[in-house]
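Read through the structure below, which is laid out as structure tokens, and then see the notes.
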Amino acid sequence: MKDVLILGIETSCDETSAAIVKNGREVLSNIIYSQIEIHQPFGGVVPEVASRNHVKKISSIVDMAFKEAGIGYSDIDAVAATYGPGLVGSLLVGLSFGKSFAYAAKKPLVGINHIDGHISANYIGNESVKPPFVTLVASGGHSHLIYVKDYDSYDVLGQTRDDAAGEAFDKIARTLGLGYPGGPAIDKAALEGDPDFVQFPRAYLEDDSYDFSFSGLKSAVLNYLNGMKMKNIKYRPEDVAASFQMAVVEVLTEKTIKAALDYKTDRVCLSGGVACNSLLRKMMREKCDAHGIALDYPAPSLCTDNAAMIAGAGYHKYQKGVFAPENLTAKPNLKIG
């Protein structure tokens, strides 16, 4: 059976990435140019700055992906490019480049939902991960709980009603003066803090709901910090970080495990930037072990935005002959499922 090589392109936010993936699971190259240092002074991603830097880097990043993979342009079978959700300017850069490359190389184009990419990251380098399973996709812009019925076939069980988990991490880290990006900063600070220092609220919503809500928690932390400042009471940022992190992780873990038990699946997967959080991995492992459920998550480089996951998702669409129309355009609010 002939190997299938997919060129993946990802520019949904502030990472410019290109990758070559074989058969949806083997990474031949995965080049990622991060703009973190550019956006750090602003405490978050500036959309126009992000798209301008994608324009500057996309061509060279793609060339590097082919060079590292040791193949030529004509060796690929298809081009997979993210077309949503994300920042519209950033999406347009990668999608436009992908469409042009596919046209010039006479290869089919596959349009990829960014969330689909995060789900597909679980298959890379891990032959044991196969549908069906429950997956938590948690990042700066997304908090989804999804039942993966088959490759490219999903039931969305729950999602955020307001702020995504990663967005809350960024906001609280910025308020505590821990820097950007907030996820790694909170995780590091929390290692030196007391998770029981403050009992922040946990939003479980309705009994049968798999949805998430972190705006109330975020407000509670900000109100606590403002109150401490007004009363001139000192506190350790590490303790607040640890307490906040525990409130987020408990909700993510309990809802994910509930979904796995309700859907009678023996496997849970994590993906997205928040999947790198050490407490989430530890707590999810403990809960999964207690219920005899297998737990899998990608390598850290495959949790944050990257093109290997987009190429991986593209493989499954390519196999089914699901190709993008010529008029495919960026959809910043694209839904999954």
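The values are calculated or read from the model by the stated rules, or taken from the named source; none is laboratory data. All figures in this text were calculated on a predicted structure; none of them were measured in a lab. Using ideal geometry, Cβ is built from the backbone for each residue, glycine included, and neighbour counts are taken over all protein chains shown.
One line per residue, one yes/no per condition, for (1) under 21 Å from the mean Cα position of the chain (by Cα); (2) under 26 Å from residue 271 (Cβ atoms); (3) not polar (S, T, N, Q):
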{"residue": "134", "(1), (2), (3)": "yes, yes, yes"}
{"residue": "137", "(1), (2), (3)": "yes, yes, yes"}
{"residue": "145", "(1), (2), (3)": "yes, yes, yes"}
{"residue": "191", "(1), (2), (3)": "no, yes, yes"}
{"residue": "209", "(1), (2), (3)": "no, yes, no"}
{"residue": "235", "(1), (2), (3)": "no, no, yes"}
{"residue": "238", "(1), (2), (3)": "no, no, yes"}
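I'd like to know if region 212-222 contains one or more residues that are in a loop (DSSP other than H, G, I, E, B) and either buried (at least 20 other Cβ atoms within 10 Å of the Cβ) or of a type outside the set (A, V, I, L, M) (or both).
Initially, region 212-222 is screened for residues in a loop (DSSP other than H, G, I, E, B), giving 213-214.
In the following step, the residues that additionally are either buried (at least 20 other Cβ atoms within 10 Å of the Cβ) or of a type outside the set (A, V, I, L, M) (or both) were identified as 213-214.
Checking region 212-222: at least one residue is in a loop (DSSP other than H, G, I, E, B) and either buried (at least 20 other Cβ atoms within 10 Å of the Cβ) or of a type outside the set (A, V, I, L, M) (or both).
Scanning region 205-231 for residues being closer than 16 Å to residue 168 by Cβ and of a type outside the set (Val, Ile, Thr) gives a total of 15. Can you tell me which residues in region 110-123 are touching a Lys or Arg at 6+ places or on another chain (Cβ under 7 Å) and either surrounded by fewer than 24 Cβ atoms within 10 Å (Cβ to Cβ) or under 16 Å from residue 12 (Cα atoms) (or both)? Correct list: 110 only.
Rundown of residues vs (1) small (Gly, Ala, Ser); (2) closer than 14 Å to residue 186 by Cβ, yes/no style:
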site: 235; (1), (2): no, no
site: 238; (1), (2): no, yes
site: 241; (1), (2): yes, yes
site: 249; (1), (2): no, yes
site: 272; (1), (2): yes, no
site: 276; (1), (2): no, yes
site: 281; (1), (2): no, no
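Across region 94-115, what is the total count of residues that are in a helix (DSSP H, G or I) and over 30 Å from residue 145 (Cβ atoms)? Selection size over region 94-115: 9.
If you take just the helices (runs of 4 or more DSSP H) that sit entirely in region 229-325, which of them hold at least 1 residues that are surrounded by fewer than 22 Cβ atoms within 10 Å (Cβ to Cβ) and without any contact (Cβ under 8 Å) to a residue 12 or more places away in the chain? If you could, list the steps in order and put the result at the bottom.
Values: elements: 237-262, 278-290, 300-303, 307-320.
So the answer is 237-262, 278-290.
Taking region 49-83 as the range and being farther than 15 Å from residue 311 by Cβ and not in a helix (DSSP H, G or I) as the test, the residues that pass are 70, 72.
Could you tell me whether any residue of region 196-207 is of a type outside the set (Lys, Arg), within 21 Å of residue 42 (Cα to Cα) and touching a residue at least 12 places away in the same chain (Cβ under 8 Å)? Break it down stepwise before answering.
Going through region 196-207, the residues of a type outside the set (Lys, Arg) turn out to be 196-201, 203-207.
After this cut, where a residue has to be within 21 Å of residue 42 (Cα to Cα) as well, the list is none.
The answer is no; no qualifying residue exists.
Okay, residues lined up against (1) without any contact (Cβ under 8 Å) to a residue 40 or more places away in the chain; (2) aromatic (Phe, Trp, Tyr); (3) touching a Phe, Trp or Tyr at 6+ places or on another chain (Cβ under 8 Å):
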{"residue": "94", "(1), (2), (3)": "no, no, no"}
{"residue": "106", "(1), (2), (3)": "yes, no, no"}
{"residue": "110", "(1), (2), (3)": "no, no, yes"}
{"residue": "115", "(1), (2), (3)": "no, no, no"}
{"residue": "138", "(1), (2), (3)": "no, no, no"}
{"residue": "150", "(1), (2), (3)": "yes, no, no"}
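Of all the residues in region 233-270, those that are closer than 18 Å to residue 182 by Cα and at pLDDT below 95 number 0.
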